[in-house]
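Below: one structure, written as structure tokens.
What follows is calculated from the coordinates using simple rules that are stated; it is not laboratory data. These numbers come from a predicted model, not from an experiment. All Cβ positions, glycine included, derive from the backbone under ideal geometry; neighbour counts span all protein chains shown.
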Amino acid sequence: MRPSRMIDTVMTAVKDAALVSLLFSTIALKRVEAALSAMEKASLVVFLSAMVLMSFCQVALRQLFGTGILWGDTLSRHMVLWAGFFGAALAAAEGKHFAWETAVAALKGRAQAWAKALAGLSTAVIAAGLARASWLFFVDDKAAGNVLFTAGDLAVPSWAYSIVYPAGFALLSLHFLIQAALAGGDAVAPGWLQGSPDGASRGGGSPSGR
């Protein structure tokens with residue numbers, strides 16, 4: 001075998017191996033995001049149901065008995081934040097945030113994929129910065145030992161509420177990182193990553209042979 005042909009064969013094998021590795025990485029990322037989305041949907045249902053139930057109980061108690069749950073309104077307001085972050089995380093997973101949408105939609109092909117990757121990476125960095133800042137706020141809040149509300153003998157600390165900020169922004173950052181990685185993979189190997197592990201054989205050969 002000629003040296004030049006041997007080099008071509010090695011380069012083709014390396015390229016095929018890299019694309020297969022990229023494909024399986026993409027599948028793994030999509031499964032992680034699907035698992036996160038399922039958890040977020042279930043959590044969102046729980047929080048929304050609890051909010052509706054709490055509001056109903058408050059109205060019923062005030063109309064029938066002229067009283068209510070003292071900490072009910074406070075708890076409902078804080079559950080709104082949790083529900084909002086879970087909704088934002090689901091929107092990030094489905095690419096339904098408005099950021100950069102107009103600019104990305106105007107592009108086609110690899111340019112659009114690279115723009116999506118850049119948008120996702122930029123937003124992930126911003127969300128990570130907000131997560132870090134809110135984590136510092138959470139640490140200070142926990143150190144202060146403030147009480148959010150009391151329910152009987154139970155004193156609920158205020159940090160149980162403030163943890164929503166670092167957790168929510170960290171979750172958003174993770175989703176945007178996954179979206180950036182998927183868009184980057186599509187930019188490197190456009191179209192080929194849409195399939196399954198055997199997608200190359202269904203497409204009629206190895207990706208390097210196209």
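Neighbours of K30 by Cβ distance under 13 Å: Lys/Arg scored +1, Asp/Glu scored -1, total -2.
The phi torsions of the stretch 52-64, fed into the Karplus equation with coefficients 6.51, -1.76 and 1.60 and a -60° offset, translate into couplings of 5, 5, 5, 5, 4, 5, 4, 5, 4, 5, 6, 6, 8 Hz, rounded to whole numbers, with Gly and Pro shown as x.
Ranked by the mean number of other Cβ atoms within 10 Å of their residues, highest first, the peptides 115-127, 73-85, 56-68, 32-44 fall in the order 115-127, 73-85, 32-44, 56-68.
In terms of distances greater than 23 angstrom between alpha carbons, the cross-link table entries K96/K116; K30/K116; K41/K108 yield K41/K108. Across the stretch 177-186, rounded Karplus estimates of 3J(HN,Hα) from the backbone phi angles (6.51 cos²θ - 1.76 cosθ + 1.60, θ = phi - 60°) give 5, 5, 4, 5, 5, 5, 5, x, x, 5 Hz, Gly and Pro being marked x. For the stretch 60-170, the calculated P(r), taken from all Cα-Cα distances in 5 Å bins from zero up to the bin holding the longest distance, is 2, 10, 14, 16, 14, 11, 10, 8, 6, 4, 3, 2, 0 percent. Amide H contacts under 5 Å for L148: V156, S158, restricted to partners 5 or more places along the chain or on a different chain, H placed in the peptide plane at 1.01 Å from N. Phi angles across the stretch 119-125 convert, under the Karplus curve 6.51 cos²θ - 1.76 cosθ + 1.60 with θ = phi - 60°, into 3J(HN,Hα) values of 5, x, 5, 4, 5, 5, 5 Hz, Gly and Pro given as x.
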